[in-house]
Amino acid sequence: MSELVLRTLVDGQDAQRILAAKAPGLAVTSAKLRHHPFAGFVFEVPQLAGRIAQAHALVDYYSGKAFVTDPWQVQDAQAGQRMDLVADPKWNTIDFDTARERAKALLSTAVLRRARLAWRGGIRETSSVAKVWKPNWVIEAKLEGKSYRIMVDGLNGGYFFIGS
């Protein structure tokens with residue numbers, strides 16, 4: 001599969017509630033769902049006692065950062081659906097092969113930390129997706145007269161400030 005869209009698990013109201021809980025008095029002026037491109041990988045990871053587990057990883061094409069994720073929940077295909085896509089800033093973009101290397105390195109490190117001396121290596125990629133569109137909410141808000149721009153992860157509700 002070359003492309004998929006992840007299901008938005010945190011809706012716009014949830015995103016606003018998450019921020020309001022952290023910053024009472026925050027007045028949201030707009031909330032916009034945007035989709036960000038990632039490369040997606042699934043690996044088989046050896047566990048103790050000879051078991052094999054599956055691990056999922058996403059790598060951000062624009063920053064090169066790799067993340068271990070829960071299994072992906074894919075959005076049902078909707079004909080003619082338009083998504084608001086994040087534009088490529090063109091200053092730190094990586095390619096698919098680099099994304100693959102970063103995902104494998106991340107998972108190797110994570111497994112090594114967990115298993116320590118018992119790990120014998122050998123993670124194996126079982127599938128990949130060239131484009132995984134991950135949902136994020138871009139929230140414009142005001143608090144005490146200052147304007148803020150906040151990104152809220154559409155999968156897990158994590159957030160960070162992207163402008164003020």
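The values are calculated or read from the model by the stated rules, or taken from the named source; none is laboratory data. Bear in mind that the values here come from a model prediction, so they are computed numbers and not experimental data. Backbone-built Cβ (ideal geometry, glycine too); neighbour counts: all protein chains shown. All accessible areas refer to the heavy atoms of the entire protein, side chains included, with ligands and DNA or RNA removed. Shrake-Rupley method; radii C 1.70, N 1.55, O 1.52, S 1.80 Å.
For the pair Ser127 and Arg7, label points projected 7 Å from Cα toward Cβ lie 1.5 nm apart.
For Gly154, nonlocal amide neighbours, meaning residues 5 or more places apart or on other chains whose placed amide H falls under 5 Å from its own, are Asn136, Trp137.
What the chain shows is 61 Å² of accessible area per residue, with the surface traced by a 1.4 Å probe over protein heavy atoms. When trypsin sites (Lys or Arg not before Pro) are flagged only if DSSP places them in a loop and at most 10 other Cβ atoms lie within 10 Å, the longest unflagged stretch of the chain comes out as 1-50. Relative to the dominant Cα principal axis of the chain, helix 96-115 is inclined by about 70°.
The relative contact order of the stretch 3-163, computed from alpha carbon pairs under 8 Å that lie at least 6 residues apart in sequence, is 36 percent. As a fraction of the 1.4 Å probe accessible area of the chain, surface on carbon and sulfur atoms comes out at 51 percent. Listed by chain and number, the aspartates and glutamates whose C-alpha is less than 19 Å from the C-alpha of Lys90, apart from same-chain residues fewer than 8 away, are Asp60.
Mind checking which of Ala55, Ala105, Ala21 has the largest fluctuation in a GNM of the chain, springs on alpha carbons under 10 Å? Comparing Ala55, Ala105, Ala21 in the GNM, the peak value goes to Ala21.
Under 15 Å from the Cβ of Ala27, count the other residues' Cβ atoms, weight Lys and Arg +1, Asp and Glu -1, and hand me the total.
Cβ neighbours under 15 Å give a net charge of +3.
For the set Lys104/Lys134; Lys65/Lys146; Lys32/Lys146; Lys22/Lys146, the pairs lying more than 22 angstrom apart at their alpha carbons are Lys65/Lys146. Between 0 and 90 degrees, rounded to the nearest ten: what's the tilt of helix 12-22 against the longest Cα principal axis of the chain? On a 0 to 90 degree scale, this one is about 80.
Mean residue ellipticity, 222 nm, helices only, the chain: the sum of -39500 (n - 2.57) across DSSP H runs of n ≥ 4, divided by residue count and rounded to 500, is -6000 deg cm²/dmol.
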